[in-house]
Amino acid sequence: MTELLLKYFRTKQQEVQSEKRYDTQCPFCSMQCKMQLLEQTIVTRKKYMTIGKDNPTSEGRLCIKGMNAHQHALHKDRIKYPLLKKNGEFVRISWEEALGHIKENFTKIQAEDGVNALSVYGSASISNEEAYLLGKFARVALKTKYIDYNGRLCMSAAASAASQTFGMDRGLTNSLSEVPFTKCIILAGTNIAECQPTIMPYFEQAKQNGAYIIAVDPRETATTKMADLHLKVKPGMDAALANGLLKVIIEGDLIDEAFIRERANGYKEVKEYVTSLELEEIAELTGVPSDQIQKAAAMFGKEESGMIFTARGVEQQTDGSAAVRNFLNILIVTGKIGKVNSGYGAITGQGNGQGAREHGQKADQLPGYRMIENEEHRLHIAKIWGIDETELPRKGVSAYEMIEKINEGEITGMFLMCSNPIVSNPNANFVKKALKKLKFLVAVDMFVSETARLADLILPASSYLEDEGTMTNLEGRVTLREASFSSPGEVKHDWQIICDIAKALGKGEHFPFQSANEIFEELRVASRGGTADYYGITYDRLRKEGGILWPCPSIDHKGTKRLFESSFAHPDGKAAMVVVNNVPHVPKEKPCTEFPLYLTTGRIMSHYLTGVQTRKSASLAARNFESYMEIHPETAKKYHISDNTLVKIESRRGSIVVRSKWSATIRHDTIFVPFHWADSQNVNRLVSQDLDPTCKMPGFKVSAVKVHPILELTSH
Ligand SMILES: Nc1nc2c(c(=O)[nH]1)N[C@H]1C(S)=C(S)[C@@H](COP(=O)(O)OP(=O)(O)OC[C@H]3O[C@@H](n4cnc5c(=O)[nH]c(N)nc54)[C@H](O)[C@@H]3O)O[C@H]1N2
Ligand SMILES: Nc1nc2c(c(=O)[nH]1)N[C@H]1C(S)=C(S)[C@@H](COP(=O)(O)OP(=O)(O)OC[C@H]3O[C@@H](n4cnc5c(=O)[nH]c(N)nc54)[C@H](O)[C@@H]3O)O[C@H]1N2
Ligand code: SF4
Ligand SMILES: [Mo]
């Protein structure tokens, strides 16, 4: 395929004056496909194309987003200079002026409203070096406890579940190379075919090798089509479904008794609870017929090996972390973890969704997956940062809770790097109103995103083509993203911006870095001895070895492909099973007379997150230029909605207008809307602010809504 494309690219070879190649990695999902940008100069014009490069994870494959990523990076709308809002308009200013404004406003806010009145909102789309530095910047340069990041909306449920059950959280417990050889796979709330397309051959090979695949999703997707059995669960009922599977496995004696005895705590309580449940009640609760629950449990239980993968369908729930823990219970009772071809995978989302949750951007975290409330951890990091432990702030609050604190006036300034929270946070109307109350908002972005539009100052950041650094992919494999393309205008790397601001605030001595590698050298040492130990990883090694799976505690350590082979990461070495109640602690919104349908949200192949980047790409935007609502034709008829017509969707929080798309394969009681569009198509205007009490994940996947056709409304 790549060869064919190259041939096409080179048809007018005689006219080509020069060709350059730039090594990089895709800026989008957690596969972190390695790629190259080809640049040809033809007379006075430059022509670009992106091709895949071989590597152990994506093996040279690219999906359409990767192939077209250069279209946004090279787009004319890139911000090239610092922009200051004056009388409602953005005007170009110099970096010196921008830093002066930041110093003046940050100092004033902290003097007037207290040190914690400044907040930092980070991202899992920045490199490990930048994520590490942002955490250090908040604690050392700003001295604020308020820092959190967009990964809170993404990986927090899976991360908290794995930490609680296994004692540590790395997305995949096994490397992808084992997937083709496993015998049974559960794909729960994950649409890998559209969200990590280059992963698919691992699963297709498994199927060819005879694996039985079970998918759990309220609608049919390109992923569920691959499955042998599709459990069309009612949105939000995965925890109860897992109880059903556990009940059949335990009562059918499909358990691994020796494994449970030697390697786990809490089995007795789980057994007691699930055996007290009625399978028919679970079928009723989950909408999955009991014979299908029995079949899925029997297939998973009887095979010698098996893997369970979860993603945001299970996790973005107000009981997301408990639901994941219940799927982990299934792995433990069947002994399918810590073994060859058996294990768990939380399919990571963003490019650095793994690494960015390990090095201190989270409200309660320090580098190396250390905890900010742990005295030993505080001492270790304070020493490396050259400050007294007492100067290190304590833990702050989660992303959405920071926005609540802005609304309450406790936080009055924000430094936002690489995220678009008014589109991505739940209860979007409220979020916009709250952010408008800030005295000073700085947004660091490549574009004037919907959130950057509200900022007082926008700082221009470099793209994946320009910014070197390490990213940790969904396997837990640390990779080095090379970058040699030069940045446009006065654009700077995120890490340079952080260092420059620290310097302007008089904290330059703690931020003397001249390259990403220098930051990585400090990160290595900071992570040493922590759960996510990167000490043995160096840029040299990454260049030679093409990626290393953490933990990697010493230079001569090969990295860790499979976790938990002899023990789990809790002090007693055992996994902690937990009883997960069918009825969650935080009640979920249920359809009622006024709001009769479930709304669930998610992604489509051609767009990425809030769409700021992919909506700029002509090729990607052409595939889907507007949002839509997937609805069952029978449900649509009930509400007088024809196919391909504009509809208004309303919840208790707000309303949006999108186009209808009939689909006979979605549940009758559920509609689906992707979240890649903003303003009147921003589906987060509908989603509730309720959070999972354990990990503070919003419930993006369940809201109660009503739908009306626009035409019928206006004809009244
Ligand atoms: N094309 C594309 N790829 C992406 C992204 C993107 O925006 N676009 N984003 C990246 C990021 S950051 C992330 S986090 C990942 C997300 O990857 P996924 O989690 O796979 O993506 P989603 O579409 O959010 O949700 C997955 C599936 O969950 C289903 N679902 C909805 N509600 C429920 C439920 O209650 N239970 C169950 N079992 N399933 C449910 C949806 O129908 C959907 O098919 O993708 C990454 N890759
Ligand atoms: N309803 C609903 N809402 C959801 C979800 C859902 O499934 N349903 N999923 C949630 C999930 S999983 C996620 S991950 C979040 C993501 O939510 P966001 O973080 O808000 O999404 P992005 O669109 O990635 O925003 C990134 C911004 O940073 C800019 N940017 C890109 N690269 C760089 C860079 O290198 N440096 C800088 N400084 N800026 C850069 C982009 O232009 C863009 O404006 O959304 C969440 N929201
Ligand atoms: S979006 Fe994901 S699968 Fe597609 S090319 Fe980029 S990293 Fe690879
Ligand atoms: Mo995500």
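The values are calculated or read from the model by the stated rules, or taken from the named source; none is laboratory data. What you see is a predicted model, and the numbers here were worked out from it, not measured in a lab. All Cβ positions, glycine included, derive from the backbone under ideal geometry; neighbour counts span all protein chains shown. Accessible surface areas use protein heavy atoms only, side chains included; no ligands, DNA or RNA. Shrake-Rupley method; radii C 1.70, N 1.55, O 1.52, S 1.80 Å.
How many of the residues making up the stretch 675-684 are of a type outside the set (Gly, Ala, Ser), surrounded by fewer than 24 Cβ atoms within 10 Å (Cβ to Cβ) and in contact with a strand residue (DSSP E or B) (Cβ under 6 Å, 6 or more places away or on another chain)? Residues meeting the conditions: 2.
Answer with yes or no whether LYS701 is of a type in the set (Lys, Arg), more than 14 Å from ligand 1 (Cβ to nearest atom) and either within 23 Å of GLN316 (Cα to Cα) or touching a strand residue (DSSP E or B) at 6+ places or on another chain (Cβ under 8 Å) (or both). Before you say what the answer is, go through the steps one by one.
Working: of a type in the set (Lys, Arg): yes; more than 14 Å from ligand 1 (Cβ to nearest atom): no; either within 23 Å of GLN316 (Cα to Cα) or touching a strand residue (DSSP E or B) at 6+ places or on another chain (Cβ under 8 Å) (or both): yes.
No; evaluated as a whole, the condition is false for this residue.
Return yes or no: is SER156 polar (S, T, N, Q), buried (at least 24 other Cβ atoms within 10 Å of the Cβ) and out of contact with any strand residue (DSSP E or B) (no Cβ under 8 Å at 6 or more places or on another chain)?
yes
Which is within 24 Å of GLU97 (Cα to Cα), open to solvent by less than 10 Å² (accessible area, probe 1.4 Å), away from ligand 3 (no atom under 16 Å from the Cβ) and not charged (D, E, K, R), of ILE458, ILE411? Give the derivation first.
Working: ILE411 fails: within 24 Å of GLU97 (Cα to Cα).
Sole residue among the options that is within 24 Å of GLU97 (Cα to Cα), open to solvent by less than 10 Å² (accessible area, probe 1.4 Å), away from ligand 3 (no atom under 16 Å from the Cβ) and not charged (D, E, K, R): ILE458.
Take SER342 and tell me if it is more than 16 Å from ligand 2 (Cβ to nearest atom), closer than 28 Å to ARG477 by Cβ and not basic (Lys, Arg).
Details: more than 16 Å from ligand 2 (Cβ to nearest atom): yes; closer than 28 Å to ARG477 by Cβ: yes; not basic (Lys, Arg): yes.
Considered against the rule, which asks whether it is more than 16 Å from ligand 2 (Cβ to nearest atom), closer than 28 Å to ARG477 by Cβ and not basic (Lys, Arg), SER342 comes out as yes.
Could we say that GLU129 is among the acidic types (Asp, Glu) and surrounded by fewer than 24 Cβ atoms within 10 Å (Cβ to Cβ) here? Working first, answer last.
Values: among the acidic types (Asp, Glu): yes; surrounded by fewer than 24 Cβ atoms within 10 Å (Cβ to Cβ): no.
No.
Listed conditions (1) in contact with a strand residue (DSSP E or B) (Cβ under 6 Å, 6 or more places away or on another chain); (2) in contact (Cβ under 8 Å) with a residue 60 or more places away in the chain; (3) assigned to a loop (DSSP other than H, G, I, E, B) are all met by LYS234, apart from (1). Just the residues that are open to solvent by 20 Å² or more (accessible area, probe 1.4 Å) and either touching a residue at least 60 places away in the same chain (Cβ under 8 Å) or closer than 18 Å to ILE656 by Cβ (or both), please, taken from the stretch 631-644. Within the stretch 631-644, TYR639, HIS640, SER642, ASN644 meet the criteria. Against the numbered list (1) surrounded by fewer than 24 Cβ atoms within 10 Å (Cβ to Cβ); (2) in contact (Cβ under 8 Å) with a residue 60 or more places away in the chain; (3) out of contact with any Ser or Thr (no Cβ under 7 Å at 6 or more places or on another chain), PRO698 comes up short only at (1). Of the conditions (1) more than 11 Å from ligand 1 (Cβ to nearest atom); (2) in contact with a Cys (Cβ under 6 Å, 6 or more places away or on another chain), ARG357 fails just one. Which one is it? For ARG357, the failing item is (2). Taken together, LEU245, LEU254, LEU229 contain a single residue that is surrounded by fewer than 19 Cβ atoms within 10 Å (Cβ to Cβ) and within 28 Å of THR670 (Cα to Cα), which is LEU229. Close contacts from the stretch 238-258, counting a first residue that is part of a helix (DSSP H, G or I) and a second that is buried (at least 24 other Cβ atoms within 10 Å of the Cβ) and at pLDDT below 95, with Cβ to Cβ under 8 Å and a gap of 6+ residues or different chains, come to none at all. For the stretch 57-86, which residues satisfy the criterion of being open to solvent by less than 30 Å² (accessible area, probe 1.4 Å), within 22 Å of VAL478 (Cα to Cα) and among the basic types (Lys, Arg)? Matches in the stretch 57-86: LYS65 only. All conditions in (1) away from ligand 2 (no atom under 16 Å from the Cβ); (2) touching a helix residue (DSSP H, G or I) at 6+ places or on another chain (Cβ under 6 Å); (3) within 24 Å of PHE28 (Cα to Cα) hold for HIS668, with the sole exception of (3).
Is there a residue in the stretch 513-522 that is out of contact with any helix residue (DSSP H, G or I) (no Cβ under 6 Å at 6 or more places or on another chain), free of Cβ contacts under 8 Å to residues at least 24 places away in the same chain, part of a helix (DSSP H, G or I) and surrounded by fewer than 22 Cβ atoms within 10 Å (Cβ to Cβ)? Within the stretch 513-522, one or more residues are out of contact with any helix residue (DSSP H, G or I) (no Cβ under 6 Å at 6 or more places or on another chain), free of Cβ contacts under 8 Å to residues at least 24 places away in the same chain, part of a helix (DSSP H, G or I) and surrounded by fewer than 22 Cβ atoms within 10 Å (Cβ to Cβ). With respect to GLU468, determine if the residue is touching a residue at least 40 places away in the same chain (Cβ under 8 Å) and within 30 Å of LYS544 (Cα to Cα). Judged against the criteria, GLU468 is a match.
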